[in-house]
Amino acid sequence: MTEIERHSFDVLVVGAGGAGLRAAIAAHDAGARVGIVCKSLLGKAHTVMAEGGIAAAMGNVWQEDNWKVHFRDTMRGGKMLNHWRMAQLHAQEAPDRVRELEEWGALFDRTPDGLISQRDFGGHRYARLAHVGDRTGLELIRTLQQRAVALGIDVFMECTVTELVKDGDTATSTDKRVSAGGRIAGAFGYWRESGRFVLFEAPSVVLATGGIGKSYKVTSNSWEYTGDGHALALQSGASLVNMEFVQFHPTGMVWPPSVKGILVTESVRGDGGVLRNSEGRRFMFDYIPEFFKAETADSEDEADRWYEDKTNNRRPPELLPRDEVARAINAEVKAGRGSPHGGVFLDIASRRTPEYIRRRLPSMYHQFKELADVDITAEPMEVGPTCHYVMGGVAVDPDTGESAVPGLYAAGEVAGGMHGANRLGGNSLSDLLVFGRRTGLNAAYAAARLATRPSIDDDVVRAASERALAPFGIEGGENPYGVQQDLQEVMHNLVGIIRREDEMRQALDDLTKFKERIGRLSVEGHRQYNPGWHLAIDLHNMLLVSECIARAALERTESRGGHTRDDFPATDDAWGRLNLHCRLDGDDVAVTREPLPEMPDELRELFG
Ligand code: FAD
């Protein structure tokens, strides 16, 4: 085998979004030698697309706000399936993480008295999202990136990790990409530009690879979200929790087709926008679930008064959690009351002045003007649900972020547990900061405690290279783009926003066929910048993650949060005590039921 490029770190962070950068900074601060690998250019991660803000109970706009209210909102939004300890740490630590960002140079919008301004979002009792216009993610990434670079952390850009390696792995034990070794020893990958391989040796690896949206046809996610970290963790022996819970954001663009799925931020509704059907009716009043009735306005007058006086009025139903709004839009379209292109109308033009809209929502204004030729200050937008976020992810220890595999950590969207059955808007950016930091620190401490470093067998590296190159050795096989399109179609049609047993069984049959097709993928050309080859590698991950979603969704015979069953429309208390974990069993995904961690009484009391 030709000599392959090698690097050695104490902590390797895979992913340079908010979670990865925050983890790397923390690990560096704890004294570790840290490397960051990312599939795209630094600064291009998903986090940069985040618009609305970072949820943190700072109490700047509403003094009544505190971590307990934020904790309660998060658990209720997650339909009580969240890991209580993660939700607690998140609510307690988010304000410090926002203030720290400001100390590092982030320029947040201000209240009239000069405090960090906070805006309303669905499911949050008080205005709680610290923001920078509707470009909060950009500011967050800019700040963390500058700090990481200033600290001298090594960054490997446009470099994709394809496998994790463990101490004691042998070429045979990793034959089917399922690793049998002990502690994490490092990661194997390739440079996207040259196609050359690279090995990172590290006793602690932090996965911060984001989500899985590219398994679906209509999504707000970019090409990078192919579930790599989810698949890498599974193949190393970790489990994924809550995979049936996929968030369909209620408002994605629906027209023109080339931009279908692109996000329309929830801030439009937070700033006064309302949803109407083709009859002009504010239909969300027809869809207020029992669970949220006490705190939701039941008339347009009260809902409109709430924007000015939150103490004496209840929230508009447009600001119910995302799962509720997405289902309502779906129902209106199905009932024939949709907009011309299969969505509904989101109207802020008739409710706020053009100046206000352009100031509060500059990106949305430009997005619609440039991509759809719609002036949102003068006419309504057409919107519909889009696959946006995965609540499910690597099961981790809440305090340290470590998975069941020693030395393997996960933070950010790739980690599971924090958001339960449904994530509240703004709670992802705060999650990245809180758990990115915790995970980075603990990964560094663990590496420092090791007496001997794990080792990697050359044969394991050779086997990983052969697996990556396999599509070049097959002539006239399947085209990766065709397989990707078919996979997205199956997930969209059969395991989408509304699910049924017969359709999911059909999806699982189809996924079995995809396994054969993916085994026959062939690519043409060279290893130098070859997107077809890159996709051929990513497809293994997309398929594995899709199988986890479909199997867990079939198993959960109730509707809850981001999982809606047409054949089991009610929420079932017995299921409210159970999480589903996916693990790899040979080539297949096995799903097991596991009891929820017990919430201590002092937190339980917060729910009355
Ligand atoms: P990312 O930011 O996606 O970073 C993933 C990183 O992993 C990237 O660097 C990628 O290159 C790298 N990577 C992936 N696979 C590999 C691999 N195999 N090898 C090497 N590197 C790899 N949340 C909020 O809280 N508030 C908001 O206002 C908000 N708005 C949003 C708007 C949009 C349009 C979208 C799509 C999401 C929004 N979200 C928001 C959600 C939030 O942005 C994401 O959940 C969050 O940014 C995920 O961060 P992350 O660090 O986990 O992953």
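Quick look at the numbers
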| quantity | calculated |
| --- | --- |
| Tally of residues being in a helix (DSSP H, G or I) and either crowded, with 19+ Cβ neighbours inside 10 Å or under 21 Å from the mean Cα position of the chain (by Cα) (or both) across region 99-110 | 1 |
| Filter result (more than 9 Å from the ligand (Cβ to nearest atom), aliphatic (A, V, I, L, M) and part of a loop (DSSP other than H, G, I, E, B)) within region 386-428 | MET391, ALA395, VAL396, ALA404, VAL405, MET418, ALA421 |
| Selection count where residues are out of contact with any Lys or Arg (no Cβ under 6 Å at 6 or more places or on another chain), near the ligand (Cβ under 9 Å from one of its atoms) and of a type outside the set (A, V, I, L, M, F, W, C), scope region 1-32 | 4 |
| Odd one out for LYS513 among (1) in a helix (DSSP H, G or I); (2) more than 24 Å from the chain's Cα centre (by Cα); (3) surrounded by 14 or more Cβ atoms within 10 Å (Cβ to Cβ) | (3) |
| Hey, ALA443 aliphatic (A, V, I, L, M), modelled with pLDDT of 95 or more and in contact with a His (Cβ under 9 Å, 6 or more places away or on another chain) or not | no |
| Looking only at region 363-421, and only at residues there that are small (Gly, Ala, Ser) and over 26 Å from GLY562 (Cβ atoms), the one that is surrounded by the most Cβ atoms within 10 Å (Cβ to Cβ) | GLY407 |
| Filtered residue count, region 248-277, keeping only those that are within 13 Å of the ligand (Cβ to nearest atom) and either of a type in the set (S, T, N, Q) or assigned to a helix (DSSP H, G or I) (or both) | 7 |
| Scan of region 45-72 for residues that are near the ligand (Cβ under 7 Å from one of its atoms) and part of a loop (DSSP other than H, G, I, E, B), ordered by number | ALA45, ALA50, GLU51, GLY52, GLY53 |
| Pair list, Cβ < 9 Å and 6+ apart or interchain, from region 41-52 residues that are more than 14 Å from VAL264 (Cβ to Cβ) to residues that are near the ligand (Cβ under 6 Å from one of its atoms) and of a type in the set (S, T, N, Q) | HIS46/ASN221; THR47/SER428 |
| Looking only at region 133-174, and only at residues there that are assigned to a loop (DSSP other than H, G, I, E, B) and acidic (Asp, Glu), the one that is farthest from the ligand (Cβ to nearest atom) | ASP167 |
| Subset of region 200-216 that is in contact with a helix residue (DSSP H, G or I) (Cβ under 6 Å, 6 or more places away or on another chain) and away from the ligand (no atom under 11 Å from the Cβ) - its residue that is farthest from ALA451 (Cα to Cα) | TYR216 |
| Total residues in region 107-126, condition within 14 Å of the ligand (Cβ to nearest atom) and at negative phi | 8 |
| GLY35 vs. criteria modelled with pLDDT of 95 or more, within 16 Å of the ligand (Cβ to nearest atom) and out of contact with any helix residue (DSSP H, G or I) (no Cβ under 7 Å at 6 or more places or on another chain) | yes |
| Residue check, GLY576 crowded, with 18+ Cβ neighbours inside 10 Å and under 28 Å from GLN88 (Cβ atoms) | no |
| Any hit, region 277-289, residues being modelled with pLDDT under 95 and buried (at least 17 other Cβ atoms within 10 Å of the Cβ) | no |
| Within region 467-495, tally of residues that are surrounded by 13 or more Cβ atoms within 10 Å (Cβ to Cβ) and in a loop (DSSP other than H, G, I, E, B) | 4 |
| Odd one out for ASN479, checked against (1) in contact (Cβ under 8 Å) with a residue 60 or more places away in the chain; (2) in the same structural domain as LEU511 (by TED's automatic domain parsing) | (1) |
| Neighbours by Cβ (under 9 Å, 6+ apart or cross-chain): first from region 284-295, closer than 16 Å to PRO250 by Cα and without any contact (Cβ under 8 Å) to a residue 60 or more places away in the chain; second surrounded by fewer than 17 Cβ atoms within 10 Å (Cβ to Cβ) and among the polar types (S, T, N, Q) | PHE285/SER299 |
| Residue match in region 79-98 (condition: more than 21 Å from PRO398 (Cβ to Cβ) and either surrounded by fewer than 23 Cβ atoms within 10 Å (Cβ to Cβ) or in contact with a Gly (Cβ under 6 Å, 6 or more places away or on another chain) (or both)) | no |
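For (1) β-branched (Val, Ile, Thr); (2) in the same structural domain as HIS563 (by TED's automatic domain parsing); (3) at pLDDT 95 or above, each residue gets a yes or a no:
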site: VAL206; (1), (2), (3): yes, no, yes
site: SER215; (1), (2), (3): no, no, yes
site: GLY227; (1), (2), (3): no, no, yes
site: VAL241; (1), (2), (3): yes, no, yes
site: SER267; (1), (2), (3): no, no, no
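Residues are listed down the side, and each one gets a yes or a no for (1) touching a helix residue (DSSP H, G or I) at 6+ places or on another chain (Cβ under 7 Å); (2) of a type outside the set (S, T, N, Q); (3) more than 24 Å from ASP510 (Cβ to Cβ):
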{"residue": "ASN530", "(1), (2), (3)": "no, no, yes"}
{"residue": "MET542", "(1), (2), (3)": "yes, yes, no"}
{"residue": "GLU547", "(1), (2), (3)": "yes, yes, no"}
{"residue": "GLY562", "(1), (2), (3)": "yes, yes, no"}
{"residue": "ASP567", "(1), (2), (3)": "yes, yes, no"}
{"residue": "ASP573", "(1), (2), (3)": "no, yes, yes"}
{"residue": "GLY576", "(1), (2), (3)": "no, yes, yes"}
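The values are calculated or read from the model by the stated rules, or taken from the named source; none is laboratory data. In this text, all values refer to a predicted model and were calculated from it rather than measured experimentally. With ideal geometry, Cβ positions are generated from the backbone for all residues, glycine too; neighbour counts draw on all protein chains shown.
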